[in-house]
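Beneath this line is the structure, given in structure tokens, with notes to follow.
The values are calculated or read from the model by the stated rules, or taken from the named source; none is laboratory data. These numbers come from a predicted model, not from an experiment. So basically every Cβ, Gly included, is an ideal-geometry build from the backbone, and we count neighbours across all protein chains shown. Only protein heavy atoms, including side chains, enter the accessible area calculation; ligands, DNA and RNA are left aside. Shrake-Rupley method; radii C 1.70, N 1.55, O 1.52, S 1.80 Å.
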Amino acid sequence: MRTEIRRVAVIGAGTIGASWAAYFLSRGIAVSASDPSPGAPDLLRRMIADAWPILMRLGGKPDADPNAWTFDADPATACAGADFVQESAPERLEIKQDLLARIDAALPADVVVASSTSGLLASRLSERCAHPGRVVIGHPFNPPHLIPLVEVVGGAKGSPEAVAAAMAFYRAIGKHPIEIRKEVPGHLANRLQAALWREAVHLVAEGVASVADVDAAISEGPGLRWALMGPHATFHLAGGEGGIEHFLKHLLPALESWWMDLGDPKVNAAVQQMLVAGVAEGTGGASTTDLARRRDAALVRLLEARAKAPAGP
């Protein structure tokens, strides 16, 4: 598979695709973008302009050119000359299958095609492609220009070479790719999010705590530790000098009893209204635009702090 990546085709230039485009540009990679929406070029332009100062703070190349992008409504035309493709079309299987087949037909077989899908299976996405082995999942976490994580899934049809090339590319541009070895709906991180939110909804529905307090239980507690290490490493520390072995021996029974008591909420109209009202109260009625701006500003400070922290063992 092609390993020298000088141009990326960003196919689907909505919120996720535009964020990807800004990040690629900041790493000195030219972008050819495509999207059927008439407003896509303006969205791209705004996203790049807004994100550029932040991306330069977070390791962008000093000589990177924010204007090194082109746009064409036709995805096949946009793919011409691309060394890598990042597809970010709407999360609908039929749309992605048709689009990926068109992309596949327009490219040499050595170009990796990565889909940003948040939950669809790679083996289903590539069903109409002549070269299904080069189609992989390259799922970012929103917003892609800030969050390091990228989940890479080859699935039943993706070749090991395509997976390795995608992993190497994402790593080379400063992302933190992880390989999902078996394809499952939702990949990995979204399944973990879904499991946590299911219990969060259950606790609200059962009147255990308000929406705001459930959110605070994460953001003011374990969420701070999770920004530094994951659940297994966290519980390794919880075991003291004996580490995870001590934790499993002495604390696992309590955890298993909690597992048995976890909820399976039915998110009916009444529960949905509780969530809507609770979020409005907990956020003080702030707009999603304002909340996202606050979140992204805090993310930048967190990423900078982590970059300055002493290296691990």
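Of everything in the range 105-125 that's in contact with a helix residue (DSSP H, G or I) (Cβ under 8 Å, 6 or more places away or on another chain) and not hydrophobic (A, V, I, L, M, F, W, C), which residue is surrounded by the most Cβ atoms within 10 Å (Cβ to Cβ)?
SER115
Could you check how many residues of the range 235-288 are closer than 19 Å to ASP215 by Cβ and assigned to a helix (DSSP H, G or I)?
The total comes to 13.
What's the number of the only condition in (1) out of contact with any Lys or Arg (no Cβ under 6 Å at 6 or more places or on another chain); (2) open to solvent by less than 40 Å² (accessible area, probe 1.4 Å) that LEU248 fails to meet?
With (1) out of contact with any Lys or Arg (no Cβ under 6 Å at 6 or more places or on another chain); (2) open to solvent by less than 40 Å² (accessible area, probe 1.4 Å) applied to LEU248, the lone miss is (2).
All but one of (1) open to solvent by 20 Å² or more (accessible area, probe 1.4 Å); (2) hydrophobic (A, V, I, L, M, F, W, C); (3) in a helix (DSSP H, G or I) hold for ILE147; which doesn't?
(3)
When you scan the range 53-97, how many residues do you find that are within 19 Å of VAL136 (Cα to Cα), of a type in the set (Val, Ile, Thr) and in contact with a strand residue (DSSP E or B) (Cβ under 7 Å, 6 or more places away or on another chain)?
1
State whether one or more residues within the range 91-101 are surrounded by fewer than 23 Cβ atoms within 10 Å (Cβ to Cβ), among the acidic types (Asp, Glu) and in a loop (DSSP other than H, G, I, E, B).
Taking every residue of the range 91-101 in turn, at least one turns out to be surrounded by fewer than 23 Cβ atoms within 10 Å (Cβ to Cβ), among the acidic types (Asp, Glu) and in a loop (DSSP other than H, G, I, E, B).
Report the residue count in the range 47-90 for those that are surrounded by fewer than 16 Cβ atoms within 10 Å (Cβ to Cβ) and within 18 Å of PHE169 (Cα to Cα).
Here the count works out to 3.
With the structure loaded, tell me whether ARG306 is free of Cβ contacts under 8 Å to residues at least 12 places away in the same chain, open to solvent by 50 Å² or more (accessible area, probe 1.4 Å), on the phi < 0 side of the Ramachandran plot and under 23 Å from the mean Cα position of the chain (by Cα) or whether it fails that test. Don't jump to the end; show me each part of the working.
Numbers: free of Cβ contacts under 8 Å to residues at least 12 places away in the same chain: no; open to solvent by 50 Å² or more (accessible area, probe 1.4 Å): yes; on the phi < 0 side of the Ramachandran plot: yes; under 23 Å from the mean Cα position of the chain (by Cα): yes.
No: the conditions fail for ARG306.
For the structure I just gave you, tell me whether ARG27 is out of contact with any His (no Cβ under 7 Å at 6 or more places or on another chain), within 22 Å of GLY133 (Cβ to Cβ) and surrounded by 17 or more Cβ atoms within 10 Å (Cβ to Cβ).
The answer is no for ARG27.
Scan the range 160-200 residue by residue and report those that are of a type outside the set (A, V, I, L, M), part of a loop (DSSP other than H, G, I, E, B) and open to solvent by 60 Å² or more (accessible area, probe 1.4 Å).
ARG181, LYS182, PRO185
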